[in-house]
Every structure is written in C-alpha cells, then in structure tokens.
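First up is the structure itself, then whatever we jot down about it.
None of the figures in this text is laboratory data; all of them are computed from the coordinates on show. Note that the structure is predicted; figures quoted are calculated from it, not measured. In this analysis, Cβ positions are derived from the backbone assuming ideal geometry, glycine residues included, and neighbour counts consider all displayed protein chains.
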Amino acid sequence: MKHAEGRLVLVGTPIGNLSDMSVRAKEAIENASVVMAEDTRRTARFVNDRKKLYSYHDHNVAGRIPQIEEFLGAGAVVALVSDAGMPGISDPAYKAVSAAIRGGYSVEVIPGPSAVITAMVASGLPVARFSFEGFLPRKKGARTHRIEEMSTYTGSIVYYIGPHHLLKYLEEMRGIFGNRPVCVAREMTKIHEEYVRGSIADVAEYFVSRKIRGEITLVVGGAALALDFFN
C-alpha cells in the first residue's frame, strides 16, 4: 500500500442553526486546499476563497472521483462537505472515502450535527437499537417492499421524508406496520423546529389540516413497541 501526503477530510456542518458549526470544522474548511460540497451555495458561507470550492453530488460524482484522486495525489488536503450534517449520510461521500482508501491516502472525520441522531434522541423512542433507512423509493411498489422489509424489525426506524410525501407515507406505513408510535422531527435546530409525537393516526391527523413545510426526519417505533408508548 502506498502512503501519500494527500488527505481527505469529511467535515460535519450544521443541519440548521449556524451556531452549531464547530471551531475545528471551520478551521478544516479554511485550511483545506480544495472543498468539495454537495451544495456550493450553502457551503460558500464557510469558504473565504471561492476558487477552491467545487460541487460534489450524485449527478457529477463519476467525474469528480478522478479529480479528487488527482488532488490527493498532488498532496492536497480535500475537505468534503454535505448539504448539511455529516457527509456520507444519504449522499455519495462514501465513494470519495473508498477512493482515498484505495489510493493509500489518509481519511479524517470532523464530527458534527446529524439529523438522524438528533431526531432519534429527541423522539423519546428507544435508541438502544435503530435502523436508518434514508429516503424511501418514489415508485410505490419499491417503496412498499422497503417498508415491508422492516415490518418485523424490533428497533426504531429512521426515515428522511419530503414534506409533500409525509401524509401519504404515513398512510402506507400504517397499512403495513399498523398504528405504531412515531415522531415527526421537522426543521430541527431552526426557528420553526417542531417534534410531533403519537400514533401514526394521531400524527397524520395533526398534519392533515396544516401546510407541511421544511425538512422532515421520521422516527418509527419498532415492531414490539406498544401503541400507547407516549401515553
């Protein structure tokens, strides 16, 4: 295995409140030779020298990996930042990490906020065992299959859900999971932060008459959890 000076640094950034940006994360971005960002417009707030800022997302990852390898081969420090939160959670950061490892380059992680962990610990549901399922497929057949796969899982389940899909997905989950306890975490760490806890039916009823906005993380109680968990 070769050992090179190049280094890939994954930097966790705020999921909402910019005050959650750590001193170490700021320094990592400032000192990096190159910053690869899922959303350059959001990351630009933390980058003084815009010339070192490059996009890195699902649609251009195939072309960016060779570029990252080239930067690392030249001894550069490459900071990788997701849209918000920890890189590698529902984004292609792992492909850059795999490439760096294959090339013998150092990989460093600057821990930071995570919507998954924040929602899980705030939900009030058991955290000893949980599964992060990310975004559900858009096609109903594939989505149904994914939900059914988790129907007997006894730990808590965490999903990312777009606001316009929330009521439909809750209805589908109720049909497969039954009326389990859930927590909808919305706009976490932001001004309109909201946690809505209760059965799937109760939570759906709460949102049916409201305009649903913002980023949503849904936590679903496991198969063995009593329906009246929050009562």
Exercise. Output ³J(HN,Hα) for region 216-231: one whole-Hz value per residue in order, computed from phi by the Karplus curve 6.51 cos²θ - 1.76 cosθ + 1.60 with θ = phi - 60°, and x for Gly and Pro.
Key: 10, 10, 10, 10, 10, x, x, 4, 8, 7, 5, 4, 8, 4, 7, 8
Exercise. Please work out how much length the chain gains when fully extended from residue 67 to residue 142, using 0.36 nm per residue of separation minus the C-alpha to C-alpha distance, in nm with one decimal.
Key: 23.6 nm
Quiz item: Farthest toward the dipole's positive end in the chain, which of 231, 35, 181, given Cβ charges of +1 (Lys, Arg) and -1 (Asp, Glu) about the Cα centre?
Solution: 35
Quiz item: Dividing the Cα radius of gyration by the Kirkwood radius, what Rg/Rh value follows for region 115-220?
Solution: 0.92
Practice problem: Using DSSP, restrict attention to beta bridges with both residues in region 7-110 and report what percent are antiparallel, rounded to the nearest 5. | Solution: 5 percent
Quiz item: Which residues in region 10-27 place their backbone N less than 12 Å from a point set 7 Å from the Cα of residue 193 along the Cα-to-Cβ direction?
Solution: 15-20
Quiz prompt | Inter-probe distance in nm under a simple model that places probes 7 Å from Cα toward Cβ, at residue 211 and residue 39 | solution = 2.0 nm
Self-check item: Unit charges on C-beta of K, R, D, E only; dipole of the chain, Debye
Solution: 380 debye
Quiz item: Where both residues lie in the chain, what percent of DSSP beta bridges are antiparallel, nearest 5?
Solution: 45 percent
Practice problem: Sticking with the crude label model, points 7 Å out along Cα→Cβ, report the distance from residue 22 to residue 167 in nm, one decimal please. | Solution: 4.1 nm
Quiz item: Quick one: Cα centre-to-centre distance for region 1-60 and region 141-208, in angstrom?
Solution: 32 Å
Practice problem: Write down Rg/Rh for the chain, rounded to two decimals, with Rg from the C-alpha atoms and Rh from the Kirkwood relation over Cα pairs. | Solution: 1.03
Quiz item: Looking at region 1-84, which GluC sites (Glu not before Pro) are DSSP coil and have at most 12 other C-beta atoms within 10 Å of their C-beta?
Solution: 5
Quiz item: Karplus couplings for region 199-209 from phi (6.51 cos²θ - 1.76 cosθ + 1.60, θ = phi - 60°), rounded to Hz, Gly and Pro as x?
Solution: 6, 4, 5, 5, 5, 4, 4, 4, 8, 4, 9
Exercise. Report, by chain and number, residues whose modeled amide H sits under 5 Å from the one on residue 135, excluding near sequence neighbours (fewer than 5 apart, same chain).
Key: 160
Practice problem: Take the chain, connect every pair of alpha-carbon atoms lying under 10 Å apart with a spring to form a Gaussian network, then pick out the residue of 33, 22, 98 with the largest mean-square fluctuation. | Solution: 98
Self-check item: Local electrostatic count, residue 188, Cβ distance below 12 Å [Lys/Arg +1, Asp/Glu -1]
Solution: -3
Quiz prompt | Within the chain, helix-based [θ] at 222 nm, where runs of 4 or more DSSP H residues each add -39,500 (n - 2.57), nearest 500 | solution = -9500 deg cm²/dmol
Quiz item: So which of 26/95; 51/139; 168/190; 52/190; 26/211; 95/139 end up more than 32 Å apart, counting from Cα to Cα?
Solution: 51/139; 26/211
Quiz item: Quick one: Karplus J couplings for region 186-195, per residue in order, coefficients 6.51, -1.76, 1.60, θ = phi - 60°, nearest Hz, x for Gly and Pro?
Solution: 10, 6, 4, 6, 9, 4, 9, 4, 8, 10
Self-check item: Fluctuation leader among 55, 151, 209 - the chain, Gaussian network, Cα springs under 10 angstrom
Solution: 209
